Amino acid sequence: MRYLFLLFLLLNIVVFASSQEALDAYKNHEYKKAFTLYEQAAKSGDTTAQNALSYLYFKGIGVSQDKKEGLVWITKAAKSGNVRAAYDLGMMYLVGENVQKDLKKAAKWFEIAADKGNTEAQFNLALMYFNGDGVKQDLNKAADLLEKAAKQGHIRAKQNVGRVYMQALNFKKAKYWLGENIKDGDVQAATLLKELEAAHKE
C-alpha cells in the first residue's frame, strides 16, 4: 500500500514537472517542445495539460492545426473535471468558435462549470436562462445564478441581480441587492428601490 502511494505521488510530481516545463517552453516560444511536453502530460491525465494541448491544436501552435483533435482534448479535460475547460467549451459552443454553434451544449458545459463555482459560467448561464437561449426561460434560475456569482465578487452579476429579482417578483432579495448597488453609486438602483418601496406601501 505504501509503495502504491509513493508511486502515485511520484507520478503526480512527474506530471506537474512536465506540465510546468511545457509552460516554460511555451513562454520561451519553444512551441514544438511545449507541444511535446503538454502531450506527454495530457496523456498522463493532467487536465490542465489537456486543456493547453487543445489550445495548441486549435491555434496550430507547435503542431499542425487540427480543430477536431483540439475538441477531443478540451472535451476530455472538461469531462475529467477541469473547470476552466468546461467553461471554455461552453464559450466555444455559445459563439461557434472551433465548433458549430450549439446553445444547448453551451448551457450544458456552463452548468458544469457553474456548479463548481466558476463565476463567468454562472453569469453567462444566468443570461441564457434570462433570455431563454438554449434553455427554458427561468427568471428565478437566472437570479439565483447571478446571486452566486455576485457573492463571489462578479461585478456585472452584482449590478444585475437585484433587477432580475425584481422581474422574478422576489422583492425581498431585490431590495437587498439594489441596496448593495446604491452603496456602489448606482443612481438607477436608487430610483428602482424607491419605486419598489412605494409600490409595497400602496
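Structure summary
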quantity: DSSP H segments from the chain that extend 24 Å or more along their own axis, Cα-based, with Kyte-Doolittle mean of 0.0 or above; calculated: 2-27
quantity: Residue 196 versus residue 31: modelled label distance in nm, points set 7 Å from Cα along the beta carbon direction; calculated: 5.1
quantity: Ascending count of other beta-carbon atoms within 10 Å, so fewest first, for 164, 63; calculated: 63, 164
quantity: Dipole in debye (nearest 20) - the chain, about Cα centre, beta carbon charges: Lys, Arg +1; Asp, Glu -1; calculated: 280
quantity: Positive-pole candidate from 185, 31, 155, dipole of the chain, charges at beta carbon; calculated: 155
quantity: Gaussian network model of the chain, Cα within-10 Å springs - most flexible of 149, 121, 189; calculated: 189
quantity: Residue of 119, 36, 47 that the Gaussian network model of the chain assigns the largest fluctuation, springs spanning Cα pairs under 10 Å; calculated: 36
quantity: Longest DSSP-loop-exposure-free segment, trypsin sites (Lys or Arg not before Pro), the chain, at most 15 other Cβ within 10 Å; calculated: 1-100
quantity: The stretch 117-202, dipole about Cα centre (Lys/Arg Cβ +1, Asp/Glu Cβ -1), debye to the nearest 20; calculated: 160
quantity: Sequence-distant lysines (8 or more away, or on other chains) whose Cα lies within less than 25 Å of residue 76; calculated: 27, 32, 33, 43, 59, 67, 68, 101, 104, 105, 108, 116
quantity: Low-density loop positions, GluC sites (Glu not before Pro), the stretch 99-198 - DSSP coil, at most 13 other Cβ in 10 Å; calculated: none
quantity: Under 22 Å from the Cα of residue 194 - lysines, other chains or at least 8 residues apart; calculated: 158, 172, 173, 175, 183
quantity: Pairwise FRET efficiency - residue 152 versus residue 43, Cβ, R0 = 35 Å, nearest 0.05; calculated: 0.55
quantity: Dipole in debye (nearest 20) - the stretch 52-158, about Cα centre, beta carbon charges: Lys, Arg +1; Asp, Glu -1; calculated: 80
quantity: Shape metrics for the chain, restricted to C-alpha atoms - Rg then Dmax, Å; calculated: 21.8, 74
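Bear in mind these aren't lab numbers, they're just calculated from the coordinates by the rules spelled out. From a predicted model like this one, the values you see are computed outputs, not experimental measurements. Neighbour counts are summed over all protein chains in view; Cβ atoms, including those assigned to glycine, are modelled from backbone coordinates with ideal geometry.
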